[in-house]
Amino acid sequence: MNRVRVIVDQRERNVELLDSLCDFGIEASIDTLDIGDYLISDRLCIERKTVPDFEKSIIDGRLFDQIERMKKAYELPIIVLEGDSSEFKLKHNVINGAIISVYIRYGIPVITSNSPQDTASIILTMAKQEQNGLREPTRKNGRRAFSDAEYMENVIANVPGIGLKLARLLLKHFGSIEAISCADVKELRKVDKIGEKKAESILRILNGKYGESEP
């Protein structure tokens with residue numbers, strides 16, 4: 001099976017989650033999504049909500065507006081509710097009522113997650129099952145043009161084991177992709193959290209010849 005891919009809304013840049021996606025071997029592309037946070041395929045989209053955000057969206061009425069938009073846009077919309085349920089300030093019957101209403105009225109499941117890493121694992125499982133049928137994350141609407149900096153971040157972030165946080169550190173340190181590719185392992189290791197293995201991976205991807213087998 002090919003490497004799984006997801007499109008991540010540029011406003012949903014949780015570094016811990018993005019790094020976990022990278023660690024799982026997921027190719028995460030940053031883009032502007034009109035609806036949802038993680039696009040798995042042309043029909044499956046995930047809206048990630050932390051416990052405080054879910055609670056706030058119930059109070060201000062945003063929740064069901066977002067749900068209606070997701071239902072109209074995607075065949076398989078899903079909500080991932082991330083965090084410790086003990087942090088809810090509203091009564092449990094209010095929270096449970098909202099979750100049940102989302103499913104009964106709109107047919108949208110709410111999947112609970114304990115942490116960003118847990119959410120990344122859920123996304124991986126969904127993407128593997130969905131894309132095994134040759135579906136890919138395809139946006140339905142027009143897209144915002146990326147800045148050059150965002151394109152550079154995406155290139156480096158998709159190197160196995162790097163992720164968005166380290167990509168930014170590398171680009172800040174070296175200034176360009178070319179400078180990173182021209183550095184040696186010793187120079188790359190001067191960047192915080194870049195060890196020998198990651199440095200070698202960066203150079204292999206940036207300087208390797210297309211079609212060559214990995215050692």
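Which residue, of Glu55, Glu47, Glu16, Glu68, is part of a helix (DSSP H, G or I) and under 12 Å from the mean Cα position of the chain (by Cα)? Explain how you work it out, then say what you get.
Details: Glu55 fails: under 12 Å from the mean Cα position of the chain (by Cα); Glu47 fails: part of a helix (DSSP H, G or I); Glu68 fails: under 12 Å from the mean Cα position of the chain (by Cα).
Result of the check over Glu55, Glu47, Glu16, Glu68: Glu16.
Of the residues screened, Ile35 is not one that is touching a residue at least 24 places away in the same chain (Cβ under 8 Å), surrounded by 22 or more Cβ atoms within 10 Å (Cβ to Cβ) and of a type outside the set (Gly, Ala, Ser). In segment 161-183, the count of residues that are buried (at least 17 other Cβ atoms within 10 Å of the Cβ), within 29 Å of Thr32 (Cα to Cα), under 20 Å from the mean Cα position of the chain (by Cα) and modelled with pLDDT under 85 is one or more.
In segment 59-94, what count of residues is obtained for those that are over 19 Å from Cys45 (Cα atoms) and either modelled with pLDDT of 90 or more or of a type in the set (S, T, N, Q) (or both)?
Within segment 59-94, the first condition is being over 19 Å from Cys45 (Cα atoms), and the residues that meet it are 59-61, 83-94.
Okay, now just the ones that are also either modelled with pLDDT of 90 or more or of a type in the set (S, T, N, Q) (or both), so 83-86, 93.
Residues flagged as over 19 Å from Cys45 (Cα atoms) and either modelled with pLDDT of 90 or more or of a type in the set (S, T, N, Q) (or both) within segment 59-94 amount to 5.
Sort out which residues of segment 72-87 are more than 15 Å from Pro116 (Cα to Cα), buried (at least 17 other Cβ atoms within 10 Å of the Cβ) and touching a helix residue (DSSP H, G or I) at 6+ places or on another chain (Cβ under 6 Å), and write them in order of number. Scanning segment 72-87 gives a single hit, Pro77.
So which of Ser29, Ser101, Ser57, Ser86 ends up being of a type in the set (Ser, Thr, Tyr) and within 27 Å of Glu153 (Cα to Cα)? Quick ask: steps written out before the conclusion?
Values: Ser101 fails: within 27 Å of Glu153 (Cα to Cα); Ser57 fails: within 27 Å of Glu153 (Cα to Cα); Ser86 fails: within 27 Å of Glu153 (Cα to Cα).
Checking each option against the conditions leaves just Ser29.
The values are calculated or read from the model by the stated rules, or taken from the named source; none is laboratory data. On a predicted model such as this, the values are computed, not experimentally measured, just so you know. Note: ideal-geometry Cβ built from the backbone for every residue, glycine included; neighbour counts use all protein chains shown.
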